[in-house]
Amino acid sequence: MTTSLNAAEVEVLHWWTSGGEAKSIQELKRLLAAQGHKWRDFAVGGGGGDQALEALRKRVEEGRPPAAAQIKGPSIQAWGKRGALANLDDVASEQRWDVQLPSAVAELMKYQGHYVAVPVNVHRVNWLWISRDALQKVSGRSPQSWEEFFSLGDRLRKAGIVPLAHGNQPWQNFTTFEIVVLGVGGPDFYRKALIQLDPTAIKSDTMLKAISTFRRLKGYTDAGANDRDWNRATSMVIKGEAAMQFMGDWAKGEFLAAGQKPLKDFYCASAPGTSRAFIFNIDSFAMFRLQDPKAVEAQKAMARAVMSPEFQSIFNLNKGSIPVATAVNLDNFDHCAQESSAYFVATSMIHALVPSVAHKMAISSAQQAAVQNAVHTIWNKDEASNEDGVGLLLAAAKVPAD
Ligand code: GAL
């Protein structure tokens, strides 16, 4: 335990403000407090991180970066390039991160071969969350195909239940869209269309089918979806007001925080057409370069805490994700997490493990924002045709990487 002489404050930027998220981050605060360090919360809500990352940019421009910020995927490299990040190699070698992490994850956390960020978890994005009550009311089963989804939706609607809980925010629309692209086109198509932004894939019939399936979903949402936060949508499923939600497994954190249990109260099902694939979203904290040696120590203490088996276990039990450190025991985890972990390994062997584009794991932030805007317009512009949607995506695909 660090003595209070070395204690310092660690300011952490994150967007974990929902019930399940707040419970999860609480564990990190607790571990740091146990070492005598003080947590300074820099929470910017909004889900998906768009607002939080805007706030981060401002702070760095002002020359006042936080100690740590929730940054992921290619953005870690972008911040590394700007010379803004601290070197965590000593903590990494002390805790043998190179051995503890899958090598693809370790590479994401490094800039020019040096660790600059620490990973927290692995979320699976392509889930469909289903209220057991709602499903029973229409004697339904979890849909295996998009057609089954729509016919179940029709029955739910007749029974007075909102079939699909959703919030019409750009990142929620994009999350649903990437799930549909995977479900309709499969992992190779997903890579070509959304990661390589290949015009031929974007102009294909498969993309037209994905766009029409995506737009058809809107008819199964309710009028209150505009600007609804994702956790409020989850809460509709928790209460049985809505039957289903497409969302990464941070949604499970909300069910658990509300005292619900998988199989008893809700189901986690692979989204239609995606049972043999996995969209991954890995949360991580990048550490900013600081001057004060005490602050640097506190920052390292945080990195060390994040990779400790205790944190990897307790955090992910609350968050709905699985530990990213491979040696952590999953015996206490529920079957959704066990499945996620098995799929993570199995899909990587069949080349069906793909990074989330909506959650900033795959393409540059300028490109991500452009595609996200296009998807948001496709969802909202009812008078446009599916071909117009293709045009919007093609234009977004031309935006240069930043
Ligand atoms: C994601 C993040 C998840 C979850 C979600 C909703 O971008 O990776 O951990 O918190 O946003 O806030």
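Readers should treat all values here as calculations from the given coordinates under stated rules, not as data from a laboratory. Worth saying up front: this structure is predicted, and the values here are computed from it rather than measured. Please note: Cβ atoms are built from the backbone with ideal geometry, for glycine as well, and neighbour counts cover all protein chains shown.
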* Structure fact -> Of the candidates G273, G248, the one satisfying the condition of being small (G, A, S), under 20 Å from the mean Cα position of the chain (by Cα) and within 16 Å of the ligand (Cβ to nearest atom) is G248
* Asked: Could you say whether any residue in segment 283-299 is away from the ligand (no atom under 16 Å from the Cβ) and in contact with a His (Cβ under 6 Å, 6 or more places away or on another chain)?
  -> yes
* Structure fact -> Filtering segment 23-51 down to residues that are in a helix (DSSP H, G or I), in contact with a Phe, Trp or Tyr (Cβ under 8 Å, 6 or more places away or on another chain) and farther than 15 Å from D229 by Cα yields S24, I25, E27, L28, K29, L31, L32, A33
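Results for (1) in contact (Cβ under 8 Å) with a residue 12 or more places away in the chain; (2) over 15 Å from V237 (Cα atoms); (3) surrounded by fewer than 20 Cβ atoms within 10 Å (Cβ to Cβ); (4) in contact with a His (Cβ under 9 Å, 6 or more places away or on another chain), shown as yes or no for each residue.
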position	(1), (2), (3), (4)
R96	no, yes, yes, no
P102	yes, yes, yes, no
E107	no, yes, yes, no
H114	yes, yes, yes, no
V118	yes, yes, no, no
V122	yes, yes, no, no
V125	yes, yes, no, yes
S145	yes, yes, yes, no
* Structure fact -> Inside segment 312-327, the number of residues satisfying the requirement of being within 15 Å of the ligand (Cβ to nearest atom) and over 11 Å from K252 (Cα atoms) is 5
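Pick out the one residue from D50, D41 that is among the charged types (D, E, K, R), within 16 Å of the ligand (Cβ to nearest atom) and in contact with a Pro (Cβ under 8 Å, 6 or more places away or on another chain). Steps first, please.
Working: D41 fails: in contact with a Pro (Cβ under 8 Å, 6 or more places away or on another chain).
Criteria check complete, one pass: D50.
Conditions (1) under 16 Å from the mean Cα position of the chain (by Cα); (2) more than 26 Å from K29 (Cβ to Cβ), marked per residue:
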{"position": "F311", "(1), (2)": "no, no"}
{"position": "N316", "(1), (2)": "yes, no"}
{"position": "I322", "(1), (2)": "yes, no"}
{"position": "T326", "(1), (2)": "no, no"}
{"position": "N332", "(1), (2)": "no, no"}
{"position": "F344", "(1), (2)": "yes, yes"}
{"position": "T347", "(1), (2)": "no, yes"}
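Collect the residues in segment 18-51 that are more than 22 Å from Q372 (Cα to Cα) and of a type in the set (V, I, T), keeping them in residue-number order. Talk me through it step by step, then tell me what you get.
Taking segment 18-51 as the starting set, the residues that turn out to be more than 22 Å from Q372 (Cα to Cα) are 18-43.
Passing the criteria: only I25.
With respect to F177, determine if the residue is under 30 Å from R216 (Cα atoms), away from the ligand (no atom under 16 Å from the Cβ) and in a helix (DSSP H, G or I).
Working: under 30 Å from R216 (Cα atoms): yes; away from the ligand (no atom under 16 Å from the Cβ): no; in a helix (DSSP H, G or I): yes.
The answer is no for F177.
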* **Of the criteria (1) surrounded by 22 or more Cβ atoms within 10 Å (Cβ to Cβ); (2) within 14 Å of the ligand (Cβ to nearest atom), which one L85 fails** => (2)
* To do: Sort out which residues of segment 1-22 are within 15 Å of the ligand (Cβ to nearest atom) and not in a loop (DSSP other than H, G, I, E, B), and write them in order of number.
  => V12, L13, H14, G19, G20, E21, A22
